[in-house]
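Novice: The structure under discussion is supplied below as structure tokens; questions concerning it will follow.
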Amino acid sequence: TSGSTGKPKGCLVTHHNVIRLMQATEPWFDFDESDVWTLFHSHAFDFSVWEIWGALLYGGRLVVVPYLTSRSPDLFHQLVCEQGVTVLNQTPSAFRQFIQADRAGNRKLVLRLVIFGGEALDLRSLRPWFNRHGDRFPRLINMYGITETTVHVTYRQLSWPDVLEERGSMIGRAIPDLRLYILDSELQPTPIDVPGEIFVAGAGVARGYLNRPELTKERFLPDPFSGQSGDRMYRSGDLAKRLANGDIEYMGRIDEQVKIRGFRVELGEIEATLRKHPLVQDAVVVLNKREGDMRLVAYIIPGSSVPQSEELRAFLAGTLPPHMLPAAFALLQEAPLTPHGKVDRQALSTRSTWNALPGIGCVTPRTPLE
């Protein structure tokens with residue numbers, strides 16, 4: 001496993017699991033020998049299984065992206081154009097940087113598919129891409145997945161209405177040979193629009209963790225809904241809710257909640273609100289711990305100009321409660337990424353200094369009460 005939700009663990013995934021993944025999704029993608037894929041992600045990240053074998057099983061070409069190129073959005077965009085890449089697999093964090101490189105250059109893309117995975121997707125971030133390319137060519141697909149259930153679990157094609165309606169991270173429906181349950185703490189299905197934990201069963205479930213029998217027993221549970229003895233389901237630790245139309249909205253990790261001054265805070269909710277500000281291109285919010293003090297710090301990648309911290313705080317206060325307002329706002333040129341293409345929150349949360357956004361400065365007390 002990639003280790004983004006804890007210490008990396010060896011996971012027993014069979015060759016059969018990978019073959020059935022490609023067969024089950026084949027009607028959606030029509031991969032063939034003319035496709036050019038990129039190996040953008042570390043081979044220690046499950047997304048690379050999809051990239052490597054997606055190319056080779058259909059006789060396509062796999063472009064191995066040099067590490068430094070993968071960390072330079074402009075160089076990576078140039079490589080995608082020069083190599084004629086048709087199938088691009090990206091985490092949402094990496095693709096937001098790719099969008100900016102695409103807007104800045106005049107190179108010609110021949111992409112036919114962009115497939116997302118690894119993180120929650122903020123649909124609003126796709127607005128500049130759809131403005132430039134539309135939603136037909138290339139097709140943009142959001143796929144939720146887990147290493148322990150063989151890379152991908154769901155499929156959802158994205159379109160203009162998704163962006164205009166400002167919906168959450170819509171992940172669609174389960175791949176045909178998988179079953180996705182949303183269950184409460186008693187392992188009972190939750191009603192429509194009620195959040196619960198994602199459990200996955202079916203042909204993609206791995207054998208378990210290497211040399212970790214207790215952890216395997218804890219996470220790979222008997223499936224009480226299949227009717228078949230011996231069937232198992234994997235407990236993901238991810239939150240989601242099922243909508244009335246059958247679509248599933250991903251709501252983040254159960255363990256991504258942070259607790260500050262007695263309040264539980266969803267960092268993703270603060271980030272999503274900040275991205276609605278016209279001067280904010282992207283945002284990452286972390287819990288910064290320093291000398292026993294805990295504070296929320298919002299790192300801002302600005303758009304056309306740099307907003308003031310008071311302006312952002314007032315903007316957030318319009319929809320968020322006081323305990324969710326960051327104590328500090330900092331400037332960021334681009335979000336640091338892990339080797340797997342996800343935002344490196346650990347690197348940001350341990351920073352002792354940051355480039356603070358401009359503000360009105362310190363105001364001395366004006367009354368005895370202040």
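The values are calculated or read from the model by the stated rules, or taken from the named source; none is laboratory data. No experiment lies behind these values; they were computed from the predicted model shown. Positions of Cβ are backbone-derived with ideal geometry, glycine not excepted, and every protein chain shown enters the neighbour counts. Calculation scope for accessible area: heavy atoms of the full protein, side chains included, ligands and nucleic acids excluded. Shrake-Rupley method; radii C 1.70, N 1.55, O 1.52, S 1.80 Å.
Novice: Across region 330-358, what is the total count of residues that are in a loop (DSSP other than H, G, I, E, B), modelled with pLDDT of 80 or more, out of contact with any helix residue (DSSP H, G or I) (no Cβ under 7 Å at 6 or more places or on another chain) and not polar (S, T, N, Q)?
Specialist: 2
Novice: Shifting gears a bit: Filtering region 290-329 down to residues that are in contact with a Lys or Arg (Cβ under 9 Å, 6 or more places away or on another chain) and assigned to a helix (DSSP H, G or I), which residue is most open to solvent (accessible area, probe 1.4 Å)?
Specialist: This residue is 315.
Novice: Would you point out which residue out of 274, 183 is open to solvent by less than 10 Å² (accessible area, probe 1.4 Å) and free of Cβ contacts under 8 Å to residues at least 24 places away in the same chain?
Specialist: On the way: 274 fails: free of Cβ contacts under 8 Å to residues at least 24 places away in the same chain.
Only one candidate qualifies: 183.
Novice: Residues that are of a type outside the set (Lys, Arg), at pLDDT 90 or above and within 26 Å of residue 11 (Cβ to Cβ): list the strands (runs of 3 or more DSSP E) wholly contained in region 155-262 that include at least 1 such residues.
Specialist: Filter on region 155-262 gives 169-174, 178-183, 196-202, 220-222, 232-242, 248-253.
Novice: Considering only residues that are part of a loop (DSSP other than H, G, I, E, B) and open to solvent by 20 Å² or more (accessible area, probe 1.4 Å), look in region 135-154 and name the one that is nearest to residue 271 (Cα to Cα).
Specialist: Within region 135-154, the match that is nearest to residue 271 (Cα to Cα) is 145.
Novice: Name, by its number, the condition in (1) touching a residue at least 40 places away in the same chain (Cβ under 8 Å); (2) out of contact with any helix residue (DSSP H, G or I) (no Cβ under 8 Å at 6 or more places or on another chain) that does not hold for residue 81.
Specialist: Answer for residue 81: the failing condition is (1).
Novice: Regarding region 109-124, can at least one residue be identified that is assigned to a helix (DSSP H, G or I) and either of a type in the set (Ser, Thr, Tyr) or more than 20 Å from residue 163 (Cβ to Cβ) (or both)?
Specialist: The answer is no; no qualifying residue exists.
Results for (1) modelled with pLDDT under 95; (2) farther than 19 Å from residue 117 by Cβ, shown as yes or no for each residue.
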site	(1), (2)
1	yes, no
22	no, no
29	no, no
37	no, no
47	yes, no
52	no, no
68	yes, yes
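Novice: Tell me, yes or no, whether region 205-213 has at least one residue that is open to solvent by less than 30 Å² (accessible area, probe 1.4 Å) and over 23 Å from the mean Cα position of the chain (by Cα).
Specialist: So far as region 205-213 goes, yes, one or more of its residues are open to solvent by less than 30 Å² (accessible area, probe 1.4 Å) and over 23 Å from the mean Cα position of the chain (by Cα).
Novice: Can you tell me which of (1) open to solvent by 60 Å² or more (accessible area, probe 1.4 Å); (2) out of contact with any Ser or Thr (no Cβ under 6 Å at 6 or more places or on another chain) is the one residue 105 doesn't meet?
Specialist: (1)
Novice: Considering only region 32-69, state which residues are of a type outside the set (D, E, K, R), surrounded by 21 or more Cβ atoms within 10 Å (Cβ to Cβ) and in contact with a Phe, Trp or Tyr (Cβ under 7 Å, 6 or more places away or on another chain).
Specialist: Answer for region 32-69, where residues must be of a type outside the set (D, E, K, R), surrounded by 21 or more Cβ atoms within 10 Å (Cβ to Cβ) and in contact with a Phe, Trp or Tyr (Cβ under 7 Å, 6 or more places away or on another chain): 41, 54, 55.
Novice: When region 11-38 is examined, which residues are found to be aromatic (Phe, Trp, Tyr) and within 23 Å of the chain's Cα centre (by Cα)?
Specialist: 28, 29, 37
Novice: With the structure loaded, tell me whether residue 361 is modelled with pLDDT under 85, in a loop (DSSP other than H, G, I, E, B), within 22 Å of residue 119 (Cβ to Cβ) and not aliphatic (A, V, I, L, M) or whether it fails that test.
Specialist: no
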